[in-house]
Amino acid sequence: MVLMVAQVLRFRAPHLAARKLIDNGRIGEVRNIIRRRWSFTKSIASEPWADNPALAGGWVLYGFGTHEADLMLWLTRSEAVSVFAMGRKINPHWNDYDDITIQAELSNGAMALETHSVNSRASAWDCVVMGTEDSLYLSGDTITIGEETLNVPLQEHNGMRDELAEFGAAIAQGREPEASGRDVRKTMVLLEAAKISMREGRIVDASKL
């Protein structure tokens, strides 16, 4: 059996290029990564289950957060060691936290900060990675590293086609796919730790989950 999680952001061309730059040491050793996802969303008519925590588990934390947390860990080839998170319930429609900040210590020694909001008129969907030698900023199809700006166009299907192709290839070849259940467990550990931290107001040892 092949289990693959739909972490489509891993298959987007700009993200693949950014990971390669980090792997090649262009910014030195990673010391800090910040991921933002801000929007203004009062409801989602096409997904009526999104405002039901029993079904969604928390729309912002798991609906959006799973992709952002996964991208941070994937870019840095790391996992969460300890996690502290805070959440606020601003729009009653969601019945759950709709503004969330997650801070984590990663296994490579770096800091990670993930911020989400569906109440922000100022939109943001970007990532900055700071290293010992330089920094990398990723937004849309643009990567800025040091004083150099690279344009890496998004594919026509924004990675979805490559994601499905990887799943098919893994089945045909009998191998573990990119974004396997085993690998994405690290993402779920970070999110579960954040959920516990928001509920109990404490730092959570992610290694115990």
Q.
Against the condition in contact with a strand residue (DSSP E or B) (Cβ under 8 Å, 6 or more places away or on another chain), assigned to a strand (DSSP E or B) and among the small types (Gly, Ala, Ser), how does residue 197 come out, does it pass?
A. no
Q: Answer yes or no: is there a residue in the range 104-119 that is in contact (Cβ under 8 Å) with a residue 40 or more places away in the chain, over 18 Å from residue 11 (Cβ atoms), acidic (Asp, Glu) and in contact with a Lys or Arg (Cβ under 8 Å, 6 or more places away or on another chain).
A: yes
Q | Among residues of the range 18-50, those that are surrounded by 15 or more Cβ atoms within 10 Å (Cβ to Cβ) and among the small types (Gly, Ala, Ser), counted | A | 3
Q | Subset of the range 134-169 [loosely packed, with under 13 Cβ neighbours inside 10 Å and among the hydroxyl-bearing types (Ser, Thr, Tyr)] | A | 149
Q) Mind checking whether some residue in the range 84-106 is of a type in the set (S, T, N, Q) and either farther than 25 Å from residue 30 by Cβ or assigned to a loop (DSSP other than H, G, I, E, B) (or both)? A) yes
Q) From the list 91, 95, which one is at positive phi, touching a residue at least 24 places away in the same chain (Cβ under 8 Å) and either out of contact with any Gly (no Cβ under 7 Å at 6 or more places or on another chain) or not charged (D, E, K, R) (or both)? A) 95
Q: Confirm whether residue 78 is without any contact (Cβ under 8 Å) to a residue 60 or more places away in the chain, out of contact with any helix residue (DSSP H, G or I) (no Cβ under 9 Å at 6 or more places or on another chain) and not in a helix (DSSP H, G or I).
A: no
Q. What pairs can you find where one residue is in the range 168-185 and on the phi > 0 side of the Ramachandran plot, the other is among the β-branched types (Val, Ile, Thr), and their Cβ atoms are less than 6 Å apart, with a gap of 6+ or different chains?
A. 179/5
Q. Within the range 78-91, which residues are of a type outside the set (Phe, Trp, Tyr), more than 15 Å from residue 120 (Cα to Cα) and surrounded by fewer than 20 Cβ atoms within 10 Å (Cβ to Cβ)?
A. 79, 81, 82, 86
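Each value in this text was obtained by applying a stated rule to the coordinates, not by laboratory testing. Everything numeric here is computed off the predicted structure, so don't read it as measured data. Positions of Cβ are backbone-derived with ideal geometry, glycine not excepted, and every protein chain shown enters the neighbour counts.
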